Amino acid sequence: MEQRGDKDMSIQELLDYVAILRKRWWLILLLVISTVGTILVISRSQKPLYEASLKFLFTTPPISEVSVYNEFRQVSVGQEIPAAKANFIEMLTSKVVIWDAIETLGADLTGDEVLARLTVEQSPVSGFVELSLQCEDPQLAADMTNALMDTALRYYGELRAKPTTMSRIFISEQLSLSREGWEKAEEKITQFQIEHNIGDLETEIDRQQSLIQSLTLVHDTDSAEGNMEAVARYETIMAQRKQELQNLLALRPRYTTLKTASDQVRGTHELLLARQTQAELKENEIMSVGFINVLG
């Protein structure tokens, strides 16, 4: 009997609800209509959003340092790519890059608006990254996406190239100093040659030795033939040449010191000149950001 009573009460409650719905149906219908109308008004008043995206791939970035001396640094490829990717993405989403891109395009947008509509997604298993931007104007979306990428690449290239740029400036300064030192060393050698009326000392010594050998050969030939007048004449000439050779040999220590100093400075100058060329090429390579490949 109790179960039947509970069932009768449930049926009665249901009938009461139905009676209420019959009396208030117009309120429910009005609520539904107003809700749908509001949704339609909002959807019609809102402009559609268009999304532009591009994908780019990271490969191993080049070493940015250019050292004056030969140094070997072990680079972990597994660490270089994630670090470069994280740094570039941070640069890509920075307000400096965003404002520069906006100014370049002359777009009627704020940095906060672009940042709110900007999406950067990284692939967890590869070096791919996708940049997306939503705008009400499809052309603006595409132009802004490209402008952001171009600006970020330029800023990132300049930032990564700074160590190389500083190395190039340092090498250029040292190259100027070495050039001055080499010129002064060469001036000392030239002054020494003018003072002693010689050219290259070793060449002069070799010439004197060859001449003495030739005179000795002629002297011995005339002596064997009994031409004593010619022998005496050659002996006088040979004595003069031998004295000149002794004078030249006496100059050798001082000349060798000057020549060694000049060669050392020239070697340093040539090394710096090669490093300067390397630094210039490396700087251009880094600033081109060739290890970030935009796929479209």
(message) Residues of the stretch 141-162 with backbone nitrogen within less than 18 Å of a virtual label 7 Å along the Cα-to-Cβ line of Val96, please, listed as ranges.
(response) 148-162
(request) Give the Cα extents of the stretch 174-271 along the principal axes, in whole Å, largest first. (result) 67, 23, 15
(request) Grab the beta carbon distance between Glu130 and Glu280, set R0 = 22 Å, and tell me the FRET efficiency rounded to 0.05. (result) 0.05
(message) Net charge around Leu131, counting only other residues with Cβ within less than 14 Å of its Cβ (Lys, Arg = +1; Asp, Glu = -1)?
(response) -3
(message) Along the Cα→Cβ direction, 7 angstrom out, place labels at Gln122 and Arg154. What is the inter-label distance in nm?
(response) 2.6
(message) Please list, in order along the stretch 230-247, the HN-Hα scalar couplings obtained from phi with the Karplus expression 6.51 cos²θ - 1.76 cosθ + 1.60 (θ = phi - 60°), rounded to whole Hz, x for Gly and Pro.
(response) 5, 4, 5, 5, 5, 5, 5, 5, 5, 5, 5, 5, 5, 5, 4, 5, 4, 5
(message) With a 1.4 Å probe and all protein chains left in place, how much accessible area per residue does the stretch 169-262 have, in Å²?
(response) 66
(request) Within the stretch 159-192, which residues have the backbone N less than 20 Å from the label spot 7 Å out from Ala261 along Cα→beta-carbon, could you tell me? (result) 175-192
(request) Could you check how much of the accessible area of the stretch 101-171 is carbon and sulfur, as a whole percent, using a 1.4 Å probe? (result) 51
(message) Modelling each spin label as a point 7 Å along the Cα-to-Cβ direction, I'd like the Ala239/Ile63 distance in nm, to one decimal.
(response) 6.8
(message) Between Lys55 and Met166, what's the calculated FRET efficiency when r is the beta-carbon distance and R0 is 25 Å? Round to 0.05.
(response) 0.15
(message) As an exercise, use a Förster radius of 30 Å and the Cβ-Cβ distance of Leu115 and Ser176 to find the FRET efficiency, rounded to the nearest 0.05.
(response) 0.05
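The values are calculated or read from the model by the stated rules, or taken from the named source; none is laboratory data. Predicted, not measured: the structure shown is a model, and the values here were computed from it. A quick note on method: Cβ atoms are made from the backbone with ideal geometry, for glycine too, and the neighbour counts reach across all protein chains shown. Just the protein is used for accessible areas: all its heavy atoms, side chains included, with ligands, DNA and RNA removed. Shrake-Rupley method; radii C 1.70, N 1.55, O 1.52, S 1.80 Å.
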